[in-house]
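Below is one structure, written out as structure tokens; comments come after it.
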Amino acid sequence: MQKKKNKTAISPTRDENFPEWYQQVIKAADMAENSAVRGCMVIKPHGYGIWELIQKELDNRIKAEDVENAYFPLLIPLSYIAKEAEHIDGFATECAVVTHHRLEDDGEGGLKPAGELAEPYIVRPTSETIIGESMAKWVNSYRDLPLKLNQWANVMRWEMRPRMFLRTAEFLWQEGHNAFATAEEAAQDARRMLEVYADVFENVLAIPVKRGQKTPEERFPGAIDTLTLEAMMQDGKALQACTSHNLGQTFSKGFDIKYQAEDGNQKHAWTTSWGFSTRTIGGVIMTHGDDDGLRLPPKIAPTQVAIIPFIRDDADIEKLQPYGDGLLNKLKAKNIRARFDLSEGRAGDKIWNHIKKGTPVRVEIGMRELEEGVISVSRRDKPGKEHKQTVPVGNFVDNIEDILNDIHENLYNEAKTYLEQNITDVSSTEELEKFYSDQENKGFVRMDVSVLKDPALETIMTKHALTPRCIPFEDDGKKVLIGKSY
RNA sequence: CGGAGUGUAGCGCAGCCUGGUUAGCGCACCUGUUUUGGGUACAGGGGGCCGGGGGUUCGAAUCCCUCCACUCCGACCA
């Protein structure tokens, strides 16, 4: 009867043990599980359904920026990545390397690699190099620019410490790669694509973010400028959500992406790259989840409205089925992702399953509702049956978009309040030290950007595992946010 | 890759220290009855290479060695 004592569907609670809570939410929501390969996960239908919805939203926005989708190979010749010193420096330690192309009998009942490759391939950790190689071929004149490409792909980084969604050895993402004739265009592009990401975070995922610039030490290997969105998880740690890089001429020089300008001279292009990954799903969990599990913002909920029948006997089903189907069809006609759950099983269990999976709206129908032409509506963002409301079917159908929007707003505002309340202004390194020495304190600290040149900073940062998260645009580059991060 | 911990049924755990019947419990699952509006109740039942390999022993979930995986704290990173 332990479950009855627990008022929460997930144990431990966030307060008791946040990392363990995170794992349990993923399990309870049936989103993903570990695979036989270290650091790699199986994304189950509910987790992948969320990713597909995120993809659709982001892909539409990317296309609206006149970027075209393409696909580049998984394997990259070793020589490509070796062309750019800074780049290889950043990724060398986490590259998977393909050295053979055949298997043969090892004489002991097993198999061994054979057919050693003359030049090994690496499994892409990112694709700047192989795309740069193509761009060099495709760009001849200033008329070929800008060239804007995106690919949806998997990449592999051999991580030392994998965590579901947040840091897996293989992950899914989109990587955009744009090339321009001028430095200004590239700089603007990096900033614009960051804004596309911010739009997805705020208006699709309901996650508030701080837009800003990375410090030089935190830049992407090979970038001259890295822009980031930093989100705050419910344990006060930062999650670097997305990054957009101004690569300057690093890769255009490394791969000879040259064009003939109007004046007839050969010039190197200016490039950007920008990525958004499945890590985001981890951000959704840690931003919105509660002690009953996942809470999904409606725009990425595979099921937005779950209709759950309360059946006493078989005679009920005959009457409730048309009632539920009627509601289901009306919702579908409005492009609401609704499901009518007529499967065998107890209504209470179905309710809890939807709670754990984060379904935004639950509708209960029974003989009681049927007789009065009403339904009972519960919202995942307002837990507890005291918030359950009984409304006429027509009224509910008319207002469903508003309800979903309201849930989105509510989740966003809750997270926004948390973010702002957990940013503390601090004016000296002594205060910084004092702040993080108190275990009760969490979140980000905001300091004058000049602190980055203070020799006293590094010791404190190392001691408390802090990093500069970003130099936010909203403070005109005068401030820096510091915090612990994932 | 360093430090710490954990691997026993789908999930959560006990048993291990002090080796010895058919390896237990709760939830989930199956059958039946009973119930039905935030996880009904009772009864019966199915499901385990006790993470893998090696060793010690008459005998290993239990002791020793060694791999592997997972989790946490770091270093590194989306």
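Scanning region A:286-314 for residues that are modelled with pLDDT of 95 or more, among the β-branched types (V, I, T) and within 12 Å of RNA strand B (Cβ to nearest atom) returns A:I307, A:I308. In region A:269-281, is there at least one residue being in contact (Cβ under 8 Å) with a residue 12 or more places away in the chain and over 30 Å from A:L205 (Cβ atoms)? Yes.
Within region A:396-427, the set of residues being within 21 Å of A:V480 (Cα to Cα) and acidic (D, E) comprises A:E420, A:D425. Counting only residues that are among the hydrophobic types (A, V, I, L, M, F, W, C), more than 8 Å from RNA strand B (Cβ to nearest atom) and more than 16 Å from the chain's Cα centre (by Cα), which one in region A:157-192 is nearest to A:T271 (Cα to Cα)? My answer is A:A179.
Only residues that are within 16 Å of RNA strand B (Cβ to nearest atom), over 23 Å from the mean Cα position of the chain (by Cα) and among the basic types (K, R) were counted across region A:117-156, and they come to 0. I'd like to check something: does region A:367-387 contain any residue that is more than 26 Å from A:V284 (Cβ to Cβ), within 33 Å of the chain's Cα centre (by Cα), small (G, A, S) and more than 10 Å from RNA strand B (Cβ to nearest atom)? Scanning region A:367-387 turns up no residue that is more than 26 Å from A:V284 (Cβ to Cβ), within 33 Å of the chain's Cα centre (by Cα), small (G, A, S) and more than 10 Å from RNA strand B (Cβ to nearest atom). Just one of (1) within 30 Å of A:K385 (Cα to Cα); (2) touching a residue at least 60 places away in the same chain (Cβ under 8 Å); (3) within 15 Å of RNA strand B (Cβ to nearest atom) fails for A:E16. It is (2).
Looking across A:T215, A:T250, A:T228, A:T243, one residue alone is surrounded by fewer than 18 Cβ atoms within 10 Å (Cβ to Cβ) and within 16 Å of RNA strand B (Cβ to nearest atom). It is A:T215. In summary, A:P216 fulfils each of the numbered conditions (1) within 26 Å of A:P19 (Cβ to Cβ); (2) modelled with pLDDT under 95 with the single exception of condition (1).
On inspection, A:L328 does not qualify as within 21 Å of A:M31 (Cα to Cα) and modelled with pLDDT of 95 or more.
If the condition is being under 17 Å from A:A241 (Cβ atoms) and crowded, with 20+ Cβ neighbours inside 10 Å, then region A:446-481 contributes A:P468, A:R469, A:C470, A:I471, A:P472, A:L481.
So for region A:96-119 (the condition being in a strand (DSSP E or B) and touching a residue at least 40 places away in the same chain (Cβ under 8 Å)), does at least one residue qualify? Yes; the residues of region A:96-119 include at least one that is in a strand (DSSP E or B) and touching a residue at least 40 places away in the same chain (Cβ under 8 Å). Selection over region A:301-322 of residues that are touching a helix residue (DSSP H, G or I) at 6+ places or on another chain (Cβ under 8 Å), assigned to a loop (DSSP other than H, G, I, E, B) and not hydroxyl-bearing (S, T, Y) gives a count of 6.
Residue-wise test of (1) modelled with pLDDT of 90 or more; (2) more than 28 Å from A:W270 (Cβ to Cβ); (3) surrounded by 13 or more Cβ atoms within 10 Å (Cβ to Cβ); (4) among the polar types (S, T, N, Q).
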residue	(1), (2), (3), (4)
A:E84	no, no, yes, no
A:H87	no, no, yes, no
A:G90	no, no, yes, no
A:L103	no, yes, no, no
A:D106	no, yes, no, no
A:I131	yes, no, yes, no
A:M135	yes, no, yes, no
A:Y142	yes, no, yes, no
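Each residue in region A:81-111 was checked for being under 38 Å from the mean Cα position of the chain (by Cα) and over 30 Å from A:S273 (Cα atoms), and 4 pass.
If you take the residues in region A:282-319 that are charged (D, E, K, R) and touching a residue at least 12 places away in the same chain (Cβ under 8 Å), which one is nearest to A:V397 (Cα to Cα)?
Out of the qualifying residues, it is A:K299.
The values are calculated or read from the model by the stated rules, or taken from the named source; none is laboratory data. Only a predicted model underlies this, so the values are computations on that prediction, with no experimental measurement involved. FYI the Cβ positions are ideal-geometry reconstructions off the backbone, even for glycines, and counts take in every protein chain you see.
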